[in-house]
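Accompanying notes for the structure given below.
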Amino acid sequence: MDYRFAHFNFNVLDMERSLAFYKEALELEPVRTKEAEDGAFRLVYLGDAVKSGFELELTWLKDRTEPYDLGDEEFHLAFVVTDFEAAHKKHQAMGCICFENEKMGIYFIQDPDGYWIEIIPAKR
């Protein structure tokens, strides 16, 4: 048997706000969507420009109105970026940097629902 990563899921309260964030912050674009016939949910799968094959699935649930409990925020996605300084400036201007670890040379951004995303320079 062969296994490979397919996608990771984040549940979101406002799909349009989340799509705008991921496009601006990480240049992720929808690659496919799925909607329940009764409108109960909407799934949007986001991909990166370099076509790594990995997707972030955003799930919106019609009846959900309360923010999701993210626990201690010990889980996160990580992205490698070729121009770390430019990405840092962009994320700083967006006001979404939530933690920096200068010793390790990384930082984290936070999406509109509170999920953390690690930003790693391509060459470490």
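Give me the 1.4 Å probe accessible area per residue for the range 1-82, excluding ligands and nucleic acids, in Å².
Per residue, the range 1-82 has 72 Å² of solvent-accessible surface.
Mind checking which of S52, A40, L70 is farthest towards the positive end of the range 22-112's charge dipole, using Cβ charges of +1 (Lys, Arg) and -1 (Asp, Glu) about the Cα centre?
S52
Let me know the charge dipole size of the range 48-89 about its Cα centre in debye, to the nearest 20, where only the beta-carbon of Lys, Arg (+1) and Asp, Glu (-1) is charged.
It works out to roughly 260 debye.
Using a 1.4 Å probe over the heavy atoms of the protein chains, calculate the carbon and sulfur portion of the accessible area of the chain as a whole percent.
Here it works out to 51 percent.
With only Lys, Arg, Asp and Glu charged, each at its Cβ (+1 for the first two, -1 for the last two), find how big the charge dipole of the chain is about the Cα centre; round to the nearest 20 debye.
Dipole size: approximately 480 debye.
What does the C-alpha gyration tensor say about the overall shape of the range 61-124? Classify as rounded when a/c is under 1.5, otherwise prolate if a/b is larger than b/c, or oblate.
Prolate is the answer for the range 61-124, as a/c is 1.5 or above and a/b outweighs b/c.
For the pairs K34/K90; K51/K90; K23/K90; K34/K89, note any where the Cα-Cα span goes beyond 24 Å.
Beyond 24 Å between Cα atoms: K34/K90; K34/K89.
Once Lys and Arg get +1 and Asp and Glu get -1 on their Cβ, which of V31, L61, A6 lies farthest toward the positive end of the dipole of the range 1-118?
Looking along the dipole axis, the top candidate is V31.
Return the calculated 222 nm mean residue ellipticity for the chain, to the nearest 500 deg cm²/dmol, obtained by summing -39500 (n - 2.57) across DSSP H runs with n ≥ 4 and dividing by the residue count.
Calculated from helices alone, the mean residue ellipticity at 222 nm is -5500 deg cm²/dmol.
Starting from the alpha-carbon convex hull of the range 18-99, give the projected area averaged over all orientations, in nm². Walk me through the numbers on the way to the answer.
Values: hull surface 27.1 nm².
Mean projected area of the Cα convex hull: 6.8 nm².
Within the chain, what is the longest stretch that has no chymotrypsin sites (Phe, Trp or Tyr not before Pro) placed in a DSSP loop and near at most 10 other beta-carbon atoms within 10 Å?
Counting at most 10 other Cβ atoms within 10 Å as exposed, the longest clean stretch of the chain is 6-74.
Using Cα centres only, tell me the gap between the range 1-32 and the range 41-119 in whole Å.
9
Using Cα-Cα distances under 8 Å and only pairs 6 or more residues apart, what relative contact order does the range 6-124 have, in percent? Each step should come with its number before you reach the end.
Values: 202 pairs, mean separation 29.6, N = 119.
Rounded, it is 25 percent for the range 6-124.
The values are calculated or read from the model by the stated rules, or taken from the named source; none is laboratory data. Fair warning: this is a prediction, and the values are worked out from it, not measured in the lab. Here Cβ is always computed from backbone atoms with ideal geometry, including for glycine, and neighbour counts include all displayed protein chains. Surface areas here come from the heavy atoms of the whole protein model, side chains and all, with no ligands, DNA or RNA. Shrake-Rupley method; radii C 1.70, N 1.55, O 1.52, S 1.80 Å.
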